[in-house]
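Below is one structure, written out as structure tokens, with a few remarks after it.
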Amino acid sequence: MKHLKCAALAAAVLLAHSASAQTCAVSGPGMNYPVTRTVDQTDDYHGVKVADPYRWLEDANSDETHAWVEAQNKLTQGYLSQIPGRDAIKSRLTKLWNFERFSVPFKEGGRYFYSRNDGLQNQSVLYTMKTLADVPRMLLDPNTLAADGTVALAGLAVSPNGRYLAYSTAASGSDWNEIKVRDIDSGKDIEDRIQWVKFSNTAWLHDGSGFFYSRYDEPKEATKLADVNYFQKLYFHKIGTPQSADTLVYDRPDHKDWGFGAEVTEDGRFLIISASQGTENKNRVYYKDLSRRDAKVVPLLEDFDASYNFIGNDGMVFWFRTERDAPRGRIISIDTRKPGVLNWKQIVPESSNTMVSASIVNNQLLVDYLSDAHSLVKVYDLKGKPLHDLELPGLGSAGGFGGKRNDTETFYSYTSFTTPTTIYRYDLKANKSSVYRQAKVDFDPAAFETRQEFFTSRDGTRVPMFIVSKKGLKLDGSNPTYLYGYGGFNISLTPSFSVANLAWLEMGGVYVMANLRGGGEYGESWHAAGTKLQKQNVFDDFIGAAEWLIAHKVTSPAKLSIGGGSNGGLLVGAAMTQRPELFAAAIPQVGVLDMLRFHKFTIGWAWTSDYGSSDNADEFKALVKYSPLHNLKKGTCYPATMITTADHDDRVVPAHSFKFAATAQADQAGGAPILIRIDSKAGHGAGKPTTKQIEEVADRWGFLSRALKMDGATETVKAAGQQ
């Protein structure tokens, strides 16, 4: 029986690139795509033969790949340059983007720190001040690190004594970071340099003498953007010494796939080490007593049975937010002198809302929840007694709430689809919030509306989505719509303001964000329902959202587009290959599109917790059924598609997009374009300069305006810009 199933599966895979699975009802003039060479490459997966004719595109450094990239970009830019109104869209985006914006301030070492962007700066600038009434002093301007703005600030940590700033930078969007140290008083860097850091925070000793960080061994220069990342190690760096003298604090050579995060408790006594295995929503916890020179690293939580996020401590008693026996989260305390589960104490129990984070400020617990994918903030005393809710302005997202245990103030941000991010100062003694910084954007929020709808997915699951549009939307099926989703890795999508989306709304478009399974909106069970052998649930949810929008005449297949990035790019690729007739356009951004080989590059192996692996026979059967690359079929009429990637993406390597584009171009039977936009000196998305962001969004909305036949959109955008 097993042999017969494999034979049938093999036949199905081979059929994907031979027989016509769908005949286009209407065909148009084809695009003159660059010729892409094929090779005779076939792999055996548990008895199933799978062809990979564009394997050579995995070599991003070859001259042939470079030539292919150049030819594809020439085709794409030629197409985009001919779109009427693209320049008007870019002009409007530039005007909208030009607004002052701030990060949430934090206080450390007797100083406040925050970042500010004056509007069109490629990177935000870090400032400091001793009191809120002081004139801020510029501490670090990342725009001076590269003329084109492609070196970004990737992380920062201020020493508790307020003397030093440890900051990490990322070049051209790569995940590889370099840590430098700046003397805060002088504003100048000292000589310390830490290299080959990736997926790491920085944790200072309280006396400011050094910090903990995580790194990998030095990679080969030629292949550092593609080679797999294993054996992360936790080090301590002493200020004033070379990296070669750094002390190895903890590693696990017996577990190459373990990664480490470190933090020092507020009292300075303990180092807390979190050990993770890939992206799985579980971790182990260890600690080290920093008051004892000879102290060993002590295991505390080693069962790898749930997530445990350290909140704070009372001496030897540690507090955690955990999903152990609580899929939607709760807060517990563990006395490290008697750490057995039977001795744990529950502080805040699980509720019907999803607990996102918690902090201790003013000797109170500030707990951030999600209620149907929008923020709800509650305040408790340290024994878990509810005190009050923090009143928020509306249906949106709040974040921040950092501070020390005895602080009486904290800061947080609030945003919604039509509310630019506003920074609030919260006085905990008075239980009063006041606006600290408010962005002013050139638009009228009263002209738009947001509603939340719930639809039923294929298996009967109730799934929410947000619909944002101009007020008075006509439900006649004629509205150009952009449906966005993610659905993975326990990541929650919540309302947030975006000038990119605002421009789309001004063009007459409808923006829809679906809260799919695989995310964290309803806790760990919601996440698990969209992983591994159940990953198809995510695509069913997304397709269900599209069908609801069509059935309720928000839009129609001729006016519906889909988009998403990274895992969301996989989502788009799966949806357009499973239901190509449902969409007029698709934009998979930096997507995971080859589900049989994703784990062979950089950090891809870490995603097997969500996806499974083709190395496992049962998981291979699930993966090959939805892998976007392997489910493209010759003779199919695919929607207009613009695939986006970047040459320095070492998170989801560009080979995914390269091979998908080449295959889709060869298989497309209709006249809709299959294009790929390959950015240079850019990565997965983090730290992308403002100029590059504007260019990419202008191309996206321009592409969709043509694909969805948005007549009059250009005039609408011009009119909005003149108001």
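The values are calculated or read from the model by the stated rules, or taken from the named source; none is laboratory data. The structure presented is a predicted model; accordingly, all values stated were derived computationally and were not measured. We place every Cβ from the backbone using ideal geometry, glycine too, and count neighbours over all the protein chains shown. With ligands, DNA and RNA removed, areas are computed over all heavy atoms of the protein, side chains included. Shrake-Rupley method; radii C 1.70, N 1.55, O 1.52, S 1.80 Å.
List of remarks:
- Selection over segment 117-162 of residues that are of a type in the set (Gly, Ala, Ser), outside any strand (DSSP E or B), under 15 Å from Thr690 (Cα atoms) and in contact with a strand residue (DSSP E or B) (Cβ under 7 Å, 6 or more places away or on another chain) gives a count of 1.
- For segment 253-261, the count of residues that are within 23 Å of Gly109 (Cβ to Cβ) and either at pLDDT 95 or above or more than 26 Å from the chain's Cα centre (by Cα) (or both) is at least one.
Yes/no matrix, rows are residues, columns are (1) on the phi > 0 side of the Ramachandran plot; (2) more than 20 Å from the chain's Cα centre (by Cα):
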site: Ser566; (1), (2): yes, no
site: Val572; (1), (2): no, no
site: Arg579; (1), (2): no, yes
site: Phe583; (1), (2): no, yes
site: Met595; (1), (2): no, no
site: Lys600; (1), (2): no, yes
site: Tyr611; (1), (2): no, no
site: Ser614; (1), (2): no, yes
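- Criterion applied to Ala551, Ala500, Ala546, Ala528 was being without any contact (Cβ under 8 Å) to a residue 60 or more places away in the chain and closer than 27 Å to Thr418 by Cβ, and the one residue passing it is Ala551.
- Members of segment 584-603 that are assigned to a loop (DSSP other than H, G, I, E, B) and open to solvent by less than 10 Å² (accessible area, probe 1.4 Å): Gly591, Val592, Leu593, Asp594, Met595, Leu596, Thr602
- When Ala686, Ala719, Ala666 are screened for being at pLDDT 95 or above and among the hydrophobic types (A, V, I, L, M, F, W, C), only Ala666 passes.
- From the list Lys634, Lys621, the one residue that fits, being in a loop (DSSP other than H, G, I, E, B) and in contact (Cβ under 8 Å) with a residue 60 or more places away in the chain, is Lys634.
- Residue match in segment 188-208 (condition: in a strand (DSSP E or B) and touching a His at 6+ places or on another chain (Cβ under 9 Å)): yes
The rows are residues; the columns are (1) touching a Ser or Thr at 6+ places or on another chain (Cβ under 9 Å); (2) open to solvent by less than 30 Å² (accessible area, probe 1.4 Å); (3) at negative phi; (4) free of Cβ contacts under 8 Å to residues at least 60 places away in the same chain.
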{"residue": "Arg137", "(1), (2), (3), (4)": "yes, no, yes, yes"}
{"residue": "Thr144", "(1), (2), (3), (4)": "no, no, yes, yes"}
{"residue": "Asp148", "(1), (2), (3), (4)": "yes, no, yes, no"}
{"residue": "Ala152", "(1), (2), (3), (4)": "yes, yes, yes, no"}
{"residue": "Arg193", "(1), (2), (3), (4)": "no, no, yes, yes"}
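- Check on Phe466, open to solvent by less than 10 Å² (accessible area, probe 1.4 Å), in contact with a Ser or Thr (Cβ under 9 Å, 6 or more places away or on another chain) and outside any loop (DSSP other than H, G, I, E, B): yes
- Thr247 vs. criteria within 21 Å of Ile272 (Cβ to Cβ) and without any contact (Cβ under 8 Å) to a residue 24 or more places away in the chain: yes
- Sole exception among (1) surrounded by fewer than 17 Cβ atoms within 10 Å (Cβ to Cβ); (2) at pLDDT 95 or above for Pro84, by number: (2)
- Residues (within 20 Å of Phe703 (Cα to Cα) and touching a Phe, Trp or Tyr at 6+ places or on another chain (Cβ under 8 Å)) located in segment 94-114: Leu96
- Breaking point among (1) closer than 23 Å to Arg37 by Cβ; (2) out of contact with any Ser or Thr (no Cβ under 9 Å at 6 or more places or on another chain); (3) open to solvent by 30 Å² or more (accessible area, probe 1.4 Å), for Ala666: (2)
- Criterion: modelled with pLDDT of 95 or more, over 30 Å from Asn631 (Cβ atoms) and within 26 Å of the chain's Cα centre (by Cα) - qualifying residue of Asn98, Asn73: Asn98
- Among the residues making up segment 691-715, those that are part of a helix (DSSP H, G or I), surrounded by fewer than 19 Cβ atoms within 10 Å (Cβ to Cβ) and of a type outside the set (D, E, K, R) are Thr691, Gln693.
- Qualifying residue in segment 436-453 (condition: open to solvent by 10 Å² or more (accessible area, probe 1.4 Å) and at positive phi): no
- Matching strands (runs of 3 or more DSSP E) fully within segment 347-389 where at least 3 residues are closer than 20 Å to Asp314 by Cβ and open to solvent by less than 20 Å² (accessible area, probe 1.4 Å): 364-371
- Residue in segment 536-548 that is assigned to a loop (DSSP other than H, G, I, E, B), at pLDDT 95 or above and open to solvent by less than 30 Å² (accessible area, probe 1.4 Å) present: no
- Among the residues here, Gly396 qualifies as modelled with pLDDT of 95 or more and buried (at least 21 other Cβ atoms within 10 Å of the Cβ).
- Output for segment 549-579, where each listed residue is farther than 27 Å from Trp605 by Cβ and surrounded by 23 or more Cβ atoms within 10 Å (Cβ to Cβ): Leu549, Val554, Thr555, Lys559, Leu560, Ser561, Ile562
- Every condition in (1) modelled with pLDDT under 95; (2) crowded, with 19+ Cβ neighbours inside 10 Å; (3) within 25 Å of Ala88 (Cβ to Cβ) is met by Pro673 except one, and the failing one is (1).
- Residue count for segment 50-67, restricted to those that are modelled with pLDDT under 95 and surrounded by 17 or more Cβ atoms within 10 Å (Cβ to Cβ): 1
- The lone criterion from (1) under 30 Å from Thr265 (Cβ atoms); (2) in contact with a Lys or Arg (Cβ under 7 Å, 6 or more places away or on another chain); (3) open to solvent by 40 Å² or more (accessible area, probe 1.4 Å) left unmet by Phe411 is number (3).
- For segment 619-640, the candidate set comprises residues that are in contact with a Leu (Cβ under 9 Å, 6 or more places away or on another chain) and of a type in the set (D, E, K, R); within that set, the residue that is surrounded by the most Cβ atoms within 10 Å (Cβ to Cβ) is Lys633.
- Boolean, Pro160 is farther than 16 Å from Tyr235 by Cα, without any contact (Cβ under 8 Å) to a residue 24 or more places away in the chain and not small (Gly, Ala, Ser): no
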